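Novice: Let me give you the structure first, and then I'll get to my questions.
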Amino acid sequence: MPTTQTSSYRSAPNSTGLDQPVRPIDREEITAFTDFCQSAGKSRKTVATYREAAGQLATFAAAKGMPVLTELRREHIEDFLGHLRGKGNKPATVRNRHAGLRALYNWMIHEDIRADHPMARVARPQIPETVQPHYREDEILRVLAAISGRARDVLTLRDRALILFLLDTGVRCQELCDIRIGAVDREARQAHVVTGKGGKGRVVAYSADVANALNSYLRKRGGWEAAGPTAPLFAMRDGSPFKTNGVRMLMQRRFAAAGVEYRGTHGFRRSAGIGFLENGGDPTDLKELMGWSSWSMLYKYTKATARSRALRAHEAHSPVARMLRQGRKP
């Protein structure tokens, strides 16, 4: 089925999962599935992930002489997931492929392409209950020290403000790129994220320290008002909005200069969640700030920080300390 759409997450070889030989009938179904996901308002990343899962399964099935996607059975899909594990894919990656394939066959049933669901009894891959790579406070401070020095040029001020904003708000990289100056409420120190995951918007807050860094950056850039409400909050040299790849390259350069391992922009989001909880923040408030629709992600964060929070709580609620403070000494 020919298509004239040129969206990167629909046609780029490295993001679609269709860069390897795929049978024409499978390619047609995957293209239709992609159209459905886009029309359903799925984020670009989700569409690309789902499409990649379908493409990898189609490639695997063709190479193994298995039926086409519309005729695959449970055992074929389990073989594919086992193949991914055997190649050393991380549990989170295998789970993402499982989610993409479940969405694919949900769509097929919705469209009456097939009546049964081959994923119905395929176990959802388990992920160890740990928070993925993030940054320690001392690492962030080292990066900021390497950036700042005595320089006060616009790029230095921008990169410092960008790191602080990511860490304080926990916004996703794409969300950061999409924030416009008009979406920032300077009086309330809040920003409206209008392109959250799944198209859901939310409001995030930032501290006075971050506001100070933003003010220094925007002042050097010409001022908040001069930039205009539709200008990006964080701009490239030519004033255009960042793309996620641009943020990634910027961070890789800054982290390398500081001698700190770069663990991705999502590491800031994880660090924001961990820091919020360890500083006594309410888990329910964190769920709202992060824009999580389910409680599962919150559970992962609260469990990962439970020990340190419990040990600090003991300092405040020690039964012996309370007893002796009340004068009940032996």
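The values are calculated or read from the model by the stated rules, or taken from the named source; none is laboratory data. Just so we're clear, the structure is a prediction, and the values are computed from it rather than from any experiment. Please note: Cβ atoms are built from the backbone with ideal geometry, for glycine as well, and neighbour counts cover all protein chains shown.
Novice: Against the definition (of a type outside the set (A, V, I, L, M) and surrounded by fewer than 14 Cβ atoms within 10 Å (Cβ to Cβ)), how does ARG95 come out, yes or no?
Specialist: When the stated conditions are applied, ARG95 does not pass them.
Novice: May I pose another question? Considering each of ILE140, ILE179, ILE147, ILE163 in turn, give the residue that is surrounded by 19 or more Cβ atoms within 10 Å (Cβ to Cβ) and over 20 Å from SER271 (Cα atoms).
Specialist: Just one listed residue meets the conditions, ILE179.
Novice: Would you mind stating whether ARG202 is surrounded by fewer than 19 Cβ atoms within 10 Å (Cβ to Cβ), closer than 20 Å to GLY291 by Cβ and in contact (Cβ under 8 Å) with a residue 60 or more places away in the chain?
Specialist: yes
Novice: Scan the stretch 233-257 and report the pairs whose first residue is under 12 Å from ILE163 (Cα atoms) and whose second residue is of a type in the set (Gly, Ala, Ser) and modelled with pLDDT of 95 or more, with Cβ atoms within less than 8 Å and a gap of 6+ or a chain change.
Specialist: PHE234/ALA161
Novice: Could you check, for the stretch 71-82, whether at least one of its residues is assigned to a helix (DSSP H, G or I), modelled with pLDDT of 95 or more, loosely packed, with under 13 Cβ neighbours inside 10 Å and not small (Gly, Ala, Ser)?
Specialist: Yes, the stretch 71-82 has at least one match.
Novice: Hey, can you tell me all the residues within the stretch 54-69 that are closer than 12 Å to PRO24 by Cα and outside any helix (DSSP H, G or I)?
Specialist: VAL68
Novice: Quick one: which helices (runs of 4 or more DSSP H) sit completely within the stretch 207-280 and have at least 2 residues that are touching a strand residue (DSSP E or B) at 6+ places or on another chain (Cβ under 9 Å) and under 24 Å from ALA146 (Cα atoms)?
Specialist: 208-221
Novice: What tally of residues in the stretch 92-107 results from selecting those that are without any contact (Cβ under 8 Å) to a residue 60 or more places away in the chain and either hydrophobic (A, V, I, L, M, F, W, C) or under 18 Å from PHE36 (Cβ atoms) (or both)?
Specialist: Within the stretch 92-107, residues that are without any contact (Cβ under 8 Å) to a residue 60 or more places away in the chain and either hydrophobic (A, V, I, L, M, F, W, C) or under 18 Å from PHE36 (Cβ atoms) (or both) number 8.
Novice: Exactly one condition in (1) exposed (fewer than 11 other Cβ atoms within 10 Å of the Cβ); (2) not in a helix (DSSP H, G or I) is not met by LEU311; state its number.
Specialist: Looking at each condition in turn, LEU311 falls short on (2).
Novice: Restricting to the stretch 287-308, and then to whatever is surrounded by 14 or more Cβ atoms within 10 Å (Cβ to Cβ), touching a helix residue (DSSP H, G or I) at 6+ places or on another chain (Cβ under 8 Å) and of a type outside the set (Ser, Thr, Tyr), can you tell me which residue is modelled with the lowest pLDDT?
Specialist: ALA304
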